[in-house]
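Beneath this line is the structure, given in structure tokens, with notes to follow.
The values are calculated or read from the model by the stated rules, or taken from the named source; none is laboratory data. This is a predicted model, so every value here is computed, not measured. Positions of Cβ are generated from backbone atoms using ideal geometry, with glycine treated the same way; all protein chains shown enter the neighbour counts. Side chains are part of the model used for accessible areas, which takes the heavy atoms of the whole protein and leaves out ligands, DNA and RNA. Shrake-Rupley method; radii C 1.70, N 1.55, O 1.52, S 1.80 Å.
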Amino acid sequence: MGEKILMKGNEAIGEAAIRAGCRYYFGYPITPQSELTAYMAKKLLKMKNAAFIQAESEIAAINMVYGAAATGVRAMTSSSSPGISLKQEGISYIALAELPCVVVNMMRGGPGLGDIQPSQGDYFQATKGGGHGDYHLIVLAPSSVQELVDLTMDAFDLADKYRNPVMILGDGLLGQMMEAVEFKERPKVDLPDKGDWIITGCKDREPRHIVPFDLDPSVLEKWNYNLGEKYKKIKEKEVRYEAVNTENAELIIVAYGTVARIVKTVISNAKEEGINIGLIRPITLFPFPEKVINKTADNVKKFLVVEMSLGQMVEDVKLSVNGKAEVNFYGRAGGIIPSPEEILKEVKKCL
Amino acid sequence: MKKVFGRPVSLTDVPFTYCPGCHHGIAHRLVAEVLDEFGVRENTIGVCPVGCSVFAYLFFNCDMVCAAHGRAPAIATGIKRSRPDSIVFTYQGDGDLASIGTAEIVHAANRGENITVIFINNAIYGMTGGQMAPTTLAGQITQTSPYGRDPKTMGYPIRVSEMLSTLKGATYISRVALNKPANIIKAKKSIKKAFQVQLDRKGFSLVEILSSCPTNWGLSPVEASKWVEENMIPYYPLGEFRVPEEVA
Ligand SMILES: Cc1ncc(C[n+]2csc(CCOP(=O)(O)OP(=O)(O)O)c2C)c(N)n1
Ligand code: SF4
Ligand SMILES: [Mg+2]
């Protein structure tokens, strides 16, 4: 322990998942996350009581996750934007069936086939449901390889705790870059026993069903309300964010993932020019850290949201700020990463 | 007194909700009898489709998971890979298996997943009110082939068993019918062989069951069984298409 290893982001996710007890991985190759699929193949195909399948499609992969998760094992799939679109049907079923699982999206430029460069264009899809119906994933947004590791491990715990699919929302840059990581000894967390709902064959008990439908709208409405209660609890308990230099800042940038890394450089560059700015980096995108943003808006009257999209998270920031401060937006799209210089230029425009 | 004809333990006592003369009920019963005979009910996990048999979870007295339309073989794969000692079967209609779920069934068969597939070919989409299925016969009138299926623009009816039996991964594939007692007896034997293959860990097994849908065919139950004999069986010949040597 305490030992640091140099690892590529995508492979670090795989190692973290295995260390978190995930033995069932189903995926389909797509750039820029293929190293993760390959890593799971290399490891899981050599393990007992484990399975790796290169599925025929992302649709099949998420449904294999559905089946495995129904039996109580930790299961995962990963992809990048176009493949995540295909998984949405399955994710919606899993959300109503309340099965724990982890889905990784290393976003790339879109829409359509787009390109294979880093992007944040899937924020709406990840945080607002993505598939049909009223549901939410828990969405975690790492911004370093170390955080990919830590959040992947947390993702499995959160999935089990809430019986909810959890998405790791990264991008091609995080997946491809190499950084030193540490696989920390983790405190044991108390998780609910799965014994009362998993599908294992009905020996010594009544048969169980995992049935994500009910044709009686009054029953289905009740299920929806139950999901709503769960999401409320998640919003109360699981919000995570990082706040940097928010005291006495003239302007707060809100950014997540790769962009937040760049913003940290912008903060020190700005300081050299005598401009004092801060950062709020949501680590959970759902639940969104709306309270801290709202509270910060009492003191800071200018916000700038920077994203690698045409403006998606900015809507949540506006809702959080709720008119108390000015919310500006700067975004690059199509797989372009904004530079510190252009972000600083935007900051100056706002001041 | 010995009970000679009772409800199999592998069926619940919930009455079937299928239309009069529908063969889904017979197919359920045969599968349940086989599960009883192998004594595996308590170790069985079934996957029901989207189609008229979406309610199969109410009728099979074992653990059941409901799939999205066509995805049952992928879900069964996930279940079986994580519980290789469980008996896992899917129950799917022809729209489910041969149209929207074509990729999933082909690749589950090709991987030789050790699962059993019960495939109900009734040449129609029953649940949604009688649209054309990939198995709808040439010339057959449905809601979406109101002038009869024209193979030139709508494709020819797919012979799923023949197609899948070209795959090396498939171990047991057969086609049976339920339109008369002699065929029902053969169907039961075939379903039993299919589960035997799984119990012996020999790989993928599928039984295609030619089945009636009197409601959407617009026929009486008796006429529907006759329609199976006269129209379906000539195009969809009964028999075994793939058999492992030992169970042949
Ligand atoms: C993704 C999706 N597309 C369409 C439907 C609507 N739908 C429900 S059942 C069905 C067809 C069922 O036909 P089949 O599989 O042949 O089963 P049967 O009812 O004939 O037994 C369709 C198209 C759906 N539920 N989901
Ligand atoms: S609609 Fe057809 S397939 Fe469905 S229950 Fe009725 S007869 Fe059977
Ligand atoms: Mg049908």
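Annotations for the structure displayed:
- From helices alone, chain B scores -8500 deg cm²/dmol at 222 nm; the rule is -39500 (n - 2.57) for each run of n ≥ 4 DSSP H residues, then divide by the residue total.
- Fraction of the pair-distance distribution of the stretch B:24-247 above 27 Å, Cα-Cα pairs, percent: 25 percent
- Kirkwood Rh and Cα Rg combined as Rg/Rh, the protein assembly as shown: 1.05
- Probe 1.4 Å, all protein chains present, accessible-area order of A:LYS301, A:LYS48, largest first: A:LYS48, A:LYS301
- Nearest 10 degrees, 0 to 90: helix A:9-19 Cα axis against chain A principal axis: 40 degrees
- Here the accessible area is traced with a 1.4 Å probe on the protein chains. For the stretch B:24-247, carbon and sulfur cover 56 percent of it.
- Nearest-10 value in Å² for the accessible area of A:VAL73, using the 1.4 Å probe: 30 Å²
- Highest GNM mean-square fluctuation among A:CYS101, A:CYS22, A:CYS202, for chain A modelled with Cα contacts below 10 Å: A:CYS202.
- In this structure, A:SER57 and A:ASP204 have a Cβ-Cβ separation that, at R0 = 30 Å, corresponds to a calculated FRET efficiency of about 0.20.
- Relative packing of peptides B:91-97, A:281-287 - highest average C-beta neighbours within 10 Å first: B:91-97, A:281-287
- 17 Å tail of the calculated P(r), the stretch A:32-126, as % of Cα pairs: 51 percent
- Partner chain coverage, peptide A:52-62 - average Cβ within 10 angstrom: 5
- For A:ASP122, solvent-accessible area (1.4 Å; no DNA, RNA or ligand), Å²: 20 Å²
- Loop-located GluC sites (Glu not before Pro) in the stretch B:29-80 (DSSP state other than H, G, I, E, B) with a sparse environment of at most 10 neighbouring Cβ atoms within 10 Å are absent.
- Burial order of peptide ranges A:237-246, A:91-100, A:307-316 (average beta-carbon count within 10 Å, highest first): A:91-100, A:307-316, A:237-246
- Inter-centroid distance (Cα atoms) of the stretch A:205-237 relative to the stretch A:173-192, Å: 31 Å
- Each of A:PRO165, A:GLY109, A:ALA68 was scored by the projection of its Cα onto the charge dipole of the stretch A:4-237, and the greatest displacement toward the positive side belongs to A:ALA68; charges sit on the C-beta of Lys, Arg, Asp and Glu.
- Under a model in which nothing but the beta-carbon of Lys, Arg (+1) and Asp, Glu (-1) is charged, the stretch A:242-350 shows a dipole of about 40 debye around its Cα centre.
- Whole-angstrom gap from the stretch B:95-146 to the stretch A:305-342, using each part's C-alpha centre: 47 Å
- Three-way shape label, the stretch A:4-237, alpha-carbon gyration tensor, a/c 1.5: prolate
- Fraction of accessible area attributable to carbon and sulfur, the stretch A:242-350 (%, probe 1.4 Å): 47 percent
- Size of the A/B contact, given as accessible area buried on both chains, probe 1.4 Å, in Å²: 2600 Å²
- Helix runs (DSSP H) in chain B reaching 24 Å along axis by Cα, Kyte-Doolittle at least -0.5: B:181-199
- Within the shell defined by Cβ-Cβ distances under 14 Å, the residues around B:VAL34 carry a net charge of +4, with Lys and Arg each +1 and Asp and Glu each -1.
- Taking all protein chains together and rolling a 1.4 Å probe, A:ASP157 ends up with roughly 30 Å² accessible.
- The charge dipole of chain B, taken about the Cα centre with unit charges on the Cβ atoms of Lys, Arg (+1) and Asp, Glu (-1), comes to about 280 debye, rounded to the nearest 20.
- Peptide B:40-47, shielding by other chains (average Cβ, 10 Å cutoff): 5
- Per residue value of the accessible surface for the protein assembly as shown (all protein chains in place, 1.4 Å probe), Å²: 40 Å²
- With helices as the sole contributors, chain A gives -12500 deg cm²/dmol at 222 nm; each DSSP H run of n ≥ 4 counts as -39500 (n - 2.57), and the sum is divided by every residue.
- Within 10 Å of the Cβ of each residue in A:19-32, the mean number of Cβ atoms contributed by other protein chains is 1.
- Compared with the dominant Cα axis of chain A, that is its longest principal axis, helix A:340-350 is turned about 60°.
- In terms of overall dimensions, the C-alpha atoms belonging to the stretch A:242-350 reach 33, 29, 22 Å along their principal axes, ordered largest to smallest.
- Full extension of the chain segment joining A:SER339 with A:LYS295 gains 13.0 nm, where the gain is 0.36 nm per residue of separation less the Cα-Cα distance.
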